[in-house]
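**Student:** This is the structure I want to talk about, given as structure tokens.
The values are calculated or read from the model by the stated rules, or taken from the named source; none is laboratory data. The model shown is predicted, which means the values in this text are computed figures rather than measured ones. Cβ atoms come from the backbone with ideal geometry, glycine included; neighbour counts cover every protein chain shown. Ligands, DNA and RNA are excluded from the accessible area calculation, which covers all protein heavy atoms including side chains. Shrake-Rupley method; radii C 1.70, N 1.55, O 1.52, S 1.80 Å.
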Amino acid sequence: MKKYKLGFIGYGNMAKAIIGGILKSGILDKSQIALSDPASKDSDGIFCTNDNDYVANNSDYLFLSVKPQVFKSINFSCTADCVISIMAGTDSAYIGKKLNMQGKVIRVMPNTPAQIGMGVAAIAVNGLDKKHNDFCKSIFDSVGQAYFIPEDKFDAVTCVSGSGPAYVYYFADAMIKGGIENGLDPEISKTLALGTIIGACEMIKAHPEIPLETLIQNVCSKGGTTIEAVRILERDDVCKTVVDAMTACRIRSEELGKEQ
Ligand SMILES: NC(=O)c1ccc[n+]([C@@H]2O[C@H](COP(=O)([O-])OP(=O)(O)OC[C@H]3O[C@@H](n4cnc5c(N)ncnc54)[C@H](OP(=O)(O)O)[C@@H]3O)[C@@H](O)[C@H]2O)c1
């Protein structure tokens with residue numbers, strides 16, 4: 001057993017969110033965590049150094065939360081039992097080879113709502129044992145929901161949950177603009193649009209047995225108003241546009257993976 005249970009290389013936005021979840025849910029306390037980050041940062045009572053080697057050799061689990069390009073440019077040795085990486089587009093084989101930790105790398109694809117405890121994360125376990133996999137899952141469950149998904153599906157995961165928050169923000173922005181275009185004050189339009197998106201998502205969650213098509217039909221009474229809006233969405237095949245956008249995202253993720 002090492003001095004720290006969990007060491008972080010990189011203490012930025014995602015690391016802060018994840019540590020917040022870990023502490024809040026009581027998985028670890030501050031004394032079990034070590035951070036390595038170049039500038040001396042306000043680490044809120046958690047041990048912080050700029051020595052990557054020290055953290056990577058004094059932690060049972062090493063968490064890689066630097067930008068992928070930073071990871072490529074730095075070198076340090078690692079004797080952790082297990083490496084957990086959240087770096088986008090950086091596969092576990094590359095990480096394992098660089099750190100001489102082949103077969104000991106868990107790759108995770110989180111998303112930004114983890115910063116408010118509402119993230120969705122895919123975890124590729126790559127043959128590690130249940131103890132390591134379950135510990136990793138508990139970390140990401142502490143900032144949302146985590147699912148075991150094979151790494152060869154990560155480009156598809158990227159186009160759904162990794163990049164997905166941007167599509168929702170885009171749709172929210174469009175709804176707000178639609179409200180303004182049709183006579184509402186910007187603030188009122190924003191309040192109504194965001195409240196509607198959150199309420200509709202909660203309806204989907206509350207009624208998993210109802211197909212989405214039925215939920216749409218339930219709002220579209222014959223001769224009514226909603227059906228006119230949905231008719232335009234279908235005329236312009238907005239569904240196909242969304243699917244095409246996600247395919248472009250998946251292809252770009254594959255390309256980035258090949259560039260490493
Ligand atoms: N944000 C997301 O939504 C999201 C989603 C999925 C995956 N990810 C992945 O999560 C990782 C972190 O993203 P982030 O948004 O948290 O980035 P970030 O806020 O930039 O955090 C990275 C941290 O690493 C520090 N750092 C730079 N060079 C370092 C070095 N040589 N050794 C140790 N630390 C170093 C940075 O310090 P300075 O700021 O001083 O340079 C910064 O504090 C990325 O690999 C990204 O691909 C992020």
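**Student:** State whether the residues of the range 50-66 include one that is farther than 23 Å from Gln145 by Cα and in a strand (DSSP E or B). Before the answer, list the steps.
**Tutor:** Just the residues of the range 50-66 that are farther than 23 Å from Gln145 by Cα, to begin with: 50-60.
From what is left, the residues that are in a strand (DSSP E or B) are 59-60.
For the range 50-66, residues farther than 23 Å from Gln145 by Cα and in a strand (DSSP E or B): present.
**Student:** Additional query: Gly144: in contact with a Pro (Cβ under 6 Å, 6 or more places away or on another chain) and assigned by TED's automatic domain parsing to the domain that holds Leu35, yes or no?
**Tutor:** No, not satisfied.
**Student:** From (1) closer than 27 Å to Ser163 by Cβ; (2) surrounded by 17 or more Cβ atoms within 10 Å (Cβ to Cβ), pick out the condition that doesn't hold for Asn57.
**Tutor:** (1)
**Student:** Also, I was wondering about something else. In the range 28-40, what residues are within 12 Å of the ligand (Cβ to nearest atom), surrounded by fewer than 21 Cβ atoms within 10 Å (Cβ to Cβ) and touching a residue at least 24 places away in the same chain (Cβ under 8 Å)?
**Tutor:** Asp37, the sole residue that qualifies.
**Student:** Check Asp51, Asp60 and return the single one that is out of contact with any helix residue (DSSP H, G or I) (no Cβ under 7 Å at 6 or more places or on another chain), more than 14 Å from the ligand (Cβ to nearest atom) and over 23 Å from Ser253 (Cα atoms).
**Tutor:** Criteria check complete, one pass: Asp60.
**Student:** Every residue in the range 145-168 that is in a helix (DSSP H, G or I) and either of a type in the set (Gly, Ala, Ser) or crowded, with 18+ Cβ neighbours inside 10 Å (or both), please.
**Tutor:** Residues of the range 145-168 that are in a helix (DSSP H, G or I), as a first pass: 151-162, 164-168.
Matches in the range 145-168: Glu151, Phe154, Asp155, Ala156, Val157, Thr158, Cys159, Ser161, Gly162, Gly164, Ala166.
**Student:** Give me a count of the residues in the range 67-78 that are within 11 Å of the ligand (Cβ to nearest atom), part of a loop (DSSP other than H, G, I, E, B) and open to solvent by less than 70 Å² (accessible area, probe 1.4 Å).
**Tutor:** Residues that pass the stated criteria total 2.
**Student:** Condition (residue is at negative phi and in contact (Cβ under 8 Å) with a residue 60 or more places away in the chain) applied to the range 199-210: is it met by at least one residue?
**Tutor:** Within the range 199-210, not a single residue is at negative phi and in contact (Cβ under 8 Å) with a residue 60 or more places away in the chain.
**Student:** Test each condition in (1) open to solvent by less than 20 Å² (accessible area, probe 1.4 Å); (2) of a type in the set (Ser, Thr, Tyr); (3) under 22 Å from the mean Cα position of the chain (by Cα) for Ser25 and report the one that comes out false.
**Tutor:** Every listed condition holds for Ser25 apart from (1).
**Student:** Could I ask something else about it? It is to be established whether one or more residues within the range 72-82 are touching a residue at least 60 places away in the same chain (Cβ under 8 Å) and under 21 Å from Lys130 (Cβ atoms).
**Tutor:** Yes, the range 72-82 contains a residue that is touching a residue at least 60 places away in the same chain (Cβ under 8 Å) and under 21 Å from Lys130 (Cβ atoms).
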